[in-house]
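Chemist: Let me begin by handing over the structure; questions about it come next.
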Amino acid sequence: MDLAAAGRRDREALRRAHLALTALGRVAPKGDFRWRRPRHTLKGRQDADAVDRAGLRRKLLKAQAEAGDIVLLFGDESEALTHPYLAHAWAKKGADLRIPAPGQAAKVAMLGLLDWAPRDLIVRTSRSKRSADFIALLDQIDTQYGPTSARATKPIVLVLDNGPIHTSKATRAALAERAPWLTVEWLPKYAPELNAIEELWRDLKQHHLAHQTFAGPETLDDAIHEAVAMLNCERSRHPLANHRIAA
């Protein structure tokens, strides 16, 4: 057996494969291929009928909120890291896209509410993500939306998933205390796409907190609140809220 000849054949075959891949890479943007990012999906674990019913119910609630008949709040939690979130970005050829990595990362929990009609995002930050933190967010709902003698109170609907801090004994008791004026709309399991606040979490991380290294949780905490204020300004539906006088 001619080992040298076999080696040459292997190299030739490998070379042809590389050429094919190179050609494919050049043609891909103009052909049937696109630059895409795979994502996790929970659809295989969903109850399809429950998701359909919840989707229709969500459309009705949004219409009621748009008409001013109710206050519709979407609640959820996320977190941000002192390490930078690295998102896709356009850059000049040859640009150095390396970002210094700090030591051990610290995290800041974000407990949020999206007020659907005005598109306002309310975020409470914490070093933990527990029932007590969520109940503190409910206290904020009391202050901002709860019944008082000075204002007429609309019915308030709070959309939540079945996360542990939403269904704990302490949280259930806190929600029961607010039952006369606060209704909870429970989402079906494994259906984060039905929670409208999810889009804002992605926007906050990819466009406002990405590609930055924070010295510590305190610095990150400040950056989160600045980013939320900026995001609310960008998403405001009132035409004069973002009015700028052209030079």
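The values are calculated or read from the model by the stated rules, or taken from the named source; none is laboratory data. Since the model is a prediction, treat every value here as computed from it, not as a measurement. As a convention, Cβ positions derive from the backbone with ideal geometry for all residues, glycine included, and neighbour counts pool all protein chains shown. Accessible surface areas use protein heavy atoms only, side chains included; no ligands, DNA or RNA. Shrake-Rupley method; radii C 1.70, N 1.55, O 1.52, S 1.80 Å.
Chemist: Would you check which residues across the range 132-172 are touching a strand residue (DSSP E or B) at 6+ places or on another chain (Cβ under 9 Å) and open to solvent by less than 10 Å² (accessible area, probe 1.4 Å) and list them?
Modeler: Answer for the range 132-172, where residues must be touching a strand residue (DSSP E or B) at 6+ places or on another chain (Cβ under 9 Å) and open to solvent by less than 10 Å² (accessible area, probe 1.4 Å): PHE134, LEU137, LEU138, ILE141, GLY146, ILE156, LEU158, VAL159, LEU160, HIS166.
Chemist: Next up: Return the only residue of LEU194, LEU200, LEU175, LEU209 being without any contact (Cβ under 8 Å) to a residue 40 or more places away in the chain and open to solvent by less than 20 Å² (accessible area, probe 1.4 Å).
Modeler: LEU175
Chemist: Which residue pairs have Cβ atoms under 9 Å apart, sit 6 or more places apart or on different chains, and have a first residue in the range 58-78 that is of a type in the set (Phe, Trp, Tyr) and a second that is assigned to a loop (DSSP other than H, G, I, E, B) and open to solvent by less than 10 Å² (accessible area, probe 1.4 Å)?
Modeler: PHE74/ASN195
Chemist: Could you say which residue among LEU121, LEU97 is of a type in the set (A, V, I, L, M, F, W, C) and open to solvent by 50 Å² or more (accessible area, probe 1.4 Å)?
Modeler: Sole residue among the options that is of a type in the set (A, V, I, L, M, F, W, C) and open to solvent by 50 Å² or more (accessible area, probe 1.4 Å): LEU97.
Chemist: Okay, moving on. What number of residues in the range 178-191 are over 17 Å from LEU138 (Cβ atoms) and either polar (S, T, N, Q) or open to solvent by less than 50 Å² (accessible area, probe 1.4 Å) (or both)?
Modeler: Total satisfying the criteria: 3.
Chemist: Within the bounds of the range 219-229, is there any residue that is surrounded by 13 or more Cβ atoms within 10 Å (Cβ to Cβ), at pLDDT below 95 and either of a type outside the set (A, V, I, L, M) or assigned to a loop (DSSP other than H, G, I, E, B) (or both)?
Modeler: Within the range 219-229, one or more residues are surrounded by 13 or more Cβ atoms within 10 Å (Cβ to Cβ), at pLDDT below 95 and either of a type outside the set (A, V, I, L, M) or assigned to a loop (DSSP other than H, G, I, E, B) (or both).
Chemist: Could you run through the range 105-151 and say how many residues are over 25 Å from THR219 (Cα atoms) and either within 18 Å of the chain's Cα centre (by Cα) or not acidic (Asp, Glu) (or both)?
Modeler: So the answer is 16.
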